[in-house]
Amino acid sequence: MKRWILVLSLAVLAGCASEPADAPAPKETPGEESTEETPAEDTPGDAPTSEADDSLTFGASESVVKQLDVPWSMVRTDEGWLISERGGTIAVIDADGNLDRQPVVLEEDVLEIGEGGLLGLALTTDFTTSRQVYAYHTYGTPGDVRNRVVELTWDGERFEETAVVLDDIPGAQFHNGGRLLLDGDALWVTTGDALVPDLAQDETSIAGKVLRVSLSGTGEPTDWIYSSGHRNPQGLTKVGDTLYASEHGASGHDEVNILERGNNYGWPLIEADKEQDGLETPWFEVGETSWAPSGIAADDRYVYMATLRGNRLVAIDRETKEVTPLVEDKGRIRDVWLGDGELYFITNNTDGRGNPSNEDDQLYRLTLE
């Protein structure tokens, strides 16, 4: 497996993103995995942008932790942070900002391939006492890529798999989805189309879907399909009864959707402002130039969105849809967390597509004033 990881990493660095030989050829060019970086002077701006929103002020971002290794998902604990790293470790960060990188012991090894690896995390509601966390990860072989959701138990030195929530999720070198969100007795899970766009419209497949997984284990995986027609959703957040999901478009036209049960969000039949009976147009889309959105968070006024190719953390007004850039000088941004007047975010410059400094990747704090 290590040999495959090395070969694929070199291919990405060389600007080549080949799928496994026996994988179906995608019908469109993948978005996030492009090695082309958007120049700083040409920040994506097809969507409405407000350079100075008087109702939203914020301070300078400051580094909390340095030298993370391809981080993907972040969750806040009473003691600090847990941050997944795509190679298969979890960075445990205490209240003083000390980092302890710990192993994750699984029944199926993490397969770090393309955009796959150890991805989303979600804390159990009783994490303080149970020390349990849910994790989404890629596994299998380069010719047969899959994803699964598991329960991990932390003993202070390592995380060990203690239950399987869902496995055999279709995967590929790209388009694995991977975001988790705990909501009462259910776990939201985003899945990608696994480079087979038609799977997003296939009601017998859980690829290209947003799932609401019952933690009681009742039902079959297809019973948990909440919405369909998704390409590669990597952000998920809920405010009251409103559920937002961010999603990569095929060539620009990345989306933020408001999800409702049973709705079909169109991929690969429609994108952007196109319309078709029975299909939903996005609540927000970025226009012709890709931002490659990833993690999102929201409050009563804004949706906060991390972008990879966009190299920005932005706030989207929930009423006007105007965009306020909050951070533009830290490179690729993978995930964002909101709480108590502060935004925390992680960069993703060490994933082979960015331009990392010797201190990357980093966890940052941004104060909202």
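The values are calculated or read from the model by the stated rules, or taken from the named source; none is laboratory data. Bear in mind the structure is a predicted one, so any value in this text is a computation, not a measurement. Here the Cβ positions follow ideal geometry from the backbone for every residue, glycine too, while neighbour counts run over all protein chains shown. In case anyone asks, the SASA skips ligands and DNA or RNA and just uses the protein heavy atoms, side chains included. Shrake-Rupley method; radii C 1.70, N 1.55, O 1.52, S 1.80 Å.
Scanning region 73-98 for residues that are of a type in the set (Gly, Ala, Ser) and on the phi < 0 side of the Ramachandran plot yields a count of 5.
Contact map, region 231-260: first residue closer than 15 Å to GLU280 by Cβ and free of Cβ contacts under 8 Å to residues at least 12 places away in the same chain, second residue open to solvent by 10 Å² or more (accessible area, probe 1.4 Å) and polar (S, T, N, Q), Cβ cut-off under 9 Å, separation 6 or more or different chains; the map is empty.
For ALA298, state whether it is in contact with a strand residue (DSSP E or B) (Cβ under 6 Å, 6 or more places away or on another chain), hydrophobic (A, V, I, L, M, F, W, C) and at pLDDT below 95. So ALA298 fails the test. Which of the residues that make up region 72-130 are under 16 Å from GLY178 (Cβ atoms), of a type in the set (Val, Ile, Thr) and in contact (Cβ under 8 Å) with a residue 40 or more places away in the chain? Listed by number, the residues that qualify are VAL75, ILE83, ILE90, VAL104, ILE113. Note on region 131-183: enclosed strands (runs of 3 or more DSSP E) holding 3 or more residues that are surrounded by fewer than 16 Cβ atoms within 10 Å (Cβ to Cβ) and more than 20 Å from the chain's Cα centre (by Cα) are 159-170. In region 288-301, what count of residues is obtained for those that are over 13 Å from VAL314 (Cβ atoms) and either touching a His at 6+ places or on another chain (Cβ under 8 Å) or surrounded by 23 or more Cβ atoms within 10 Å (Cβ to Cβ) (or both)? Residues in region 288-301 being over 13 Å from VAL314 (Cβ atoms) and either touching a His at 6+ places or on another chain (Cβ under 8 Å) or surrounded by 23 or more Cβ atoms within 10 Å (Cβ to Cβ) (or both): 2 in total.
Taking LEU119 as the residue in question, decide whether it is of a type in the set (A, V, I, L, M, F, W, C), closer than 21 Å to ALA200 by Cα and open to solvent by less than 10 Å² (accessible area, probe 1.4 Å). When the stated conditions are applied, LEU119 passes them. For region 346-353, the criterion of a residue being of a type in the set (Lys, Arg), over 27 Å from THR77 (Cβ atoms) and over 19 Å from the mean Cα position of the chain (by Cα) is satisfied by no position.
Which residues, counting only those in region 200-224, are touching an Asp or Glu at 6+ places or on another chain (Cβ under 8 Å) and open to solvent by less than 40 Å² (accessible area, probe 1.4 Å)? Listed by number, the residues that qualify are ALA200, ALA207, GLY208, SER214.
One residue is enough: does region 187-196 have a residue meeting the conditions of a type in the set (Asp, Glu) and either surrounded by fewer than 22 Cβ atoms within 10 Å (Cβ to Cβ) or in a strand (DSSP E or B) (or both)? No, because not a single residue in region 187-196 is of a type in the set (Asp, Glu) and either surrounded by fewer than 22 Cβ atoms within 10 Å (Cβ to Cβ) or in a strand (DSSP E or B) (or both).
Within the set of pairs 6 or more residues apart or between chains, which connect a residue that is within 21 Å of VAL213 (Cβ to Cβ) and modelled with pLDDT of 95 or more inside region 150-166 to a residue that is of a type in the set (Gly, Ala, Ser) and in a strand (DSSP E or B) with Cβ atoms less than 6 Å apart? Close Cβ pairs (under 6 Å, with a partner that is of a type in the set (Gly, Ala, Ser) and in a strand (DSSP E or B)) amount to VAL150/ALA135; GLU151/ALA163; LEU152/ALA135. Within region 38-71, the set of residues being open to solvent by less than 50 Å² (accessible area, probe 1.4 Å), modelled with pLDDT of 95 or more, in a loop (DSSP other than H, G, I, E, B) and not β-branched (Val, Ile, Thr) comprises just one member, LEU68. Filtering region 93-116 to residues that are of a type in the set (A, V, I, L, M, F, W, C), over 10 Å from GLY80 (Cα atoms), in a strand (DSSP E or B) and open to solvent by less than 30 Å² (accessible area, probe 1.4 Å) leaves only VAL104.
Residue-wise test of (1) surrounded by fewer than 24 Cβ atoms within 10 Å (Cβ to Cβ); (2) closer than 24 Å to VAL64 by Cβ; (3) in contact with a strand residue (DSSP E or B) (Cβ under 6 Å, 6 or more places away or on another chain).
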site	(1), (2), (3)
GLU260	yes, no, no
PRO268	yes, no, no
GLU271	yes, no, no
TRP283	yes, no, yes
VAL303	no, yes, yes
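In region 317-324, is there at least one residue being in contact (Cβ under 8 Å) with a residue 40 or more places away in the chain, closer than 18 Å to GLY80 by Cα, open to solvent by 10 Å² or more (accessible area, probe 1.4 Å) and hydroxyl-bearing (Ser, Thr, Tyr)? So far as region 317-324 goes, no, none of its residues is in contact (Cβ under 8 Å) with a residue 40 or more places away in the chain, closer than 18 Å to GLY80 by Cα, open to solvent by 10 Å² or more (accessible area, probe 1.4 Å) and hydroxyl-bearing (Ser, Thr, Tyr).
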